[in-house]
1. Any residue in the stretch 173-195 that is of a type in the set (A, V, I, L, M, F, W, C), assigned to a strand (DSSP E or B) and without any contact (Cβ under 8 Å) to a residue 60 or more places away in the chain?
2. Considering only the stretch 1-33, how many residues are within 24 Å of the chain's Cα centre (by Cα) and either farther than 30 Å from Gly79 by Cβ or assigned to a helix (DSSP H, G or I) (or both)?
3. For the stretch 132-141, how many residues are in a strand (DSSP E or B) and either touching a Leu at 6+ places or on another chain (Cβ under 7 Å) or charged (D, E, K, R) (or both)?
4. If we scan the stretch 90-99, do we find a residue that is closer than 30 Å to Val253 by Cα, assigned by TED's automatic domain parsing to the domain that holds Asp248 and surrounded by fewer than 18 Cβ atoms within 10 Å (Cβ to Cβ)?
5. Answer yes or no as to whether Ser101 is of a type in the set (Gly, Ala, Ser), closer than 26 Å to Pro232 by Cα, under 24 Å from the mean Cα position of the chain (by Cα) and at pLDDT 90 or above.
6. Hey, Glu113 hits all of (1) part of a helix (DSSP H, G or I); (2) of a type in the set (Asp, Glu); (3) in contact (Cβ under 8 Å) with a residue 40 or more places away in the chain but one; which does it fall short on?
7. Suppose we filter Val269, Val253, Val287 for residues that are surrounded by 17 or more Cβ atoms within 10 Å (Cβ to Cβ) and over 21 Å from Ala115 (Cβ atoms); which single one remains?
8. I'm trying to understand the selection: among the residues of the stretch 204-230, which are surrounded by 14 or more Cβ atoms within 10 Å (Cβ to Cβ), under 17 Å from Asn279 (Cβ atoms) and of a type in the set (S, T, N, Q)?
Amino acid sequence: MFRFAHIEYLNLLYLIPVLVFVYWLSHKQKNKMLKNFANTTMHKLLFPLRSNIKGGIKFGLSLFALVLLIVAIANPQVGSKIEEVKQVGIDVYILLDVSLSMQAEDIKPSRLEKAKHDISKLIQKLQGDRIGLIVFSGEAFVQFPLTTDYSAANLFLSAVDVNTVPQPGTAIIPAIQLAMKSFKKDEETKKAIVIITDGENHEGDVKQISEDAASKGISIFSIGFGSATGAPIPIKNNAGTQVGYKKDRYGNVVLTKLDEITLKEIASVGGGNYYLASNNEDELNKVYNDLSKFEDTEYGATKITDYEDRFYYFLILAILLLVFEFFISSTKNKLLIKFDEMK
């Protein structure tokens with residue numbers, strides 16, 4: 001198998017026709033100036049050693065060397081070995097509350113931004129475990145399914161904000177149900193759900209859904225973001241500038257309070273632990289330590305191809321061409337004199 005490790009650098013090859021055109025234009029302009037300076041028949045007397053052919057040869061060698069250097073930078077690789085590698089780990093779905101109340105700033109810079117930062121740090125620690133993200137407000141959606149592509153996971157995570165789910169509310173139960181459906185039932189992996197929310201559940205029996213998850217071998221952890229005293233909910237315009245706070249129909253500022261009782265019940269019945277988020281600690285790290293105690297399970301196998309670099313062949317040839325070009329003089333010699341006279 002053949003590939004380029006950095007194929008994007010091959011776009012530099014578009015410079016080659018531009019350089020050829022610039023050289024041709026420059027050469028044409030130079031010859032025009034010489035003709036204006038003196039008659040063509042006088043050129044042999046005025047410039048007896050000038051060679052037109054050698055100039056083209058030197059440019060051609062330099063151009064070819066540049067092509068080889070670009071290919072070397074792109075790093076061509078040849079597949080050398082294919083082997084089957086077992087994949088082991090656990091499956092984790094993170095349920096992230098993106099309701100408007102998560103914009104409250106009792107946790108800096110906000111509940112949601114702190115949660116996203118902690119999730120990103122957790123993703124960086126994972127090794128072989130599959131992680132998925134479900135965002136919820138009044139409804140729940142899979143932001144990305146179970147994956148070991150942690151770079152893609154971070155990319156999708158960065159796009160999450162309070163506008164990701166337009167319907168207002170904090171529907172924890174539909175989010176748990178969606179996670180349970182999204183796990184791969186045909187694979188006997190250890191499964192866990194991590195809920196990140198302020199806990200203001202607006203509908204349903206959380207105890208029943210937690211029992212259903214536990215009966216299926218799914219452990220549920222919860223992290224509460226917010227404070228019991230409550231905090232106002234900032235309202236921001238499209239530019240991200242705060243323009244006020246959310247108010248009720250009587251004009252009073254709404255305070256969003258953490259519902260620890262609900263979150264503790266979910267974790268207790270679901271066989272996991274509850275943690276209270278703070279400004280200074282990474283509670284997801286504590287969850288990660290809990291998850292690391294789970295026994296890794298084989299969930300598949302993948303074929304890995306080892307590639308060997310071959311850039312040095314092109315680099316060496318480019319250097320040799322540049323050295324050869326350096327030692328070619330710009331004056332006539334006997335071998336090329338006939339060609340020069342034909343110009």
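The values are calculated or read from the model by the stated rules, or taken from the named source; none is laboratory data. Computed from a prediction, not measured in an experiment: that's the story for all the values here. Backbone-built Cβ (ideal geometry, glycine too); neighbour counts: all protein chains shown.
1. no
2. The number of residues fulfilling the criteria is 6.
3. Within the stretch 132-141, residues that are in a strand (DSSP E or B) and either touching a Leu at 6+ places or on another chain (Cβ under 7 Å) or charged (D, E, K, R) (or both) number 6.
4. At the first step, the residues of the stretch 90-99 found to be closer than 30 Å to Val253 by Cα are 95-99.
Now restrict to residues that are assigned by TED's automatic domain parsing to the domain that holds Asp248: 95-99.
The next check asks that each one be surrounded by fewer than 18 Cβ atoms within 10 Å (Cβ to Cβ); those that pass are none.
There is no residue in the stretch 90-99 that is closer than 30 Å to Val253 by Cα, assigned by TED's automatic domain parsing to the domain that holds Asp248 and surrounded by fewer than 18 Cβ atoms within 10 Å (Cβ to Cβ).
5. On the way: of a type in the set (Gly, Ala, Ser): yes; closer than 26 Å to Pro232 by Cα: yes; under 24 Å from the mean Cα position of the chain (by Cα): no; at pLDDT 90 or above: yes.
The answer is no for Ser101.
6. Unmet condition: (3).
7. On the way: Val253 fails: surrounded by 17 or more Cβ atoms within 10 Å (Cβ to Cβ); Val287 fails: over 21 Å from Ala115 (Cβ atoms).
Exactly one residue qualifies, and that residue is Val269.
8. Of everything in the stretch 204-230, just one residue is surrounded by 14 or more Cβ atoms within 10 Å (Cβ to Cβ), under 17 Å from Asn279 (Cβ atoms) and of a type in the set (S, T, N, Q), namely Ser227.
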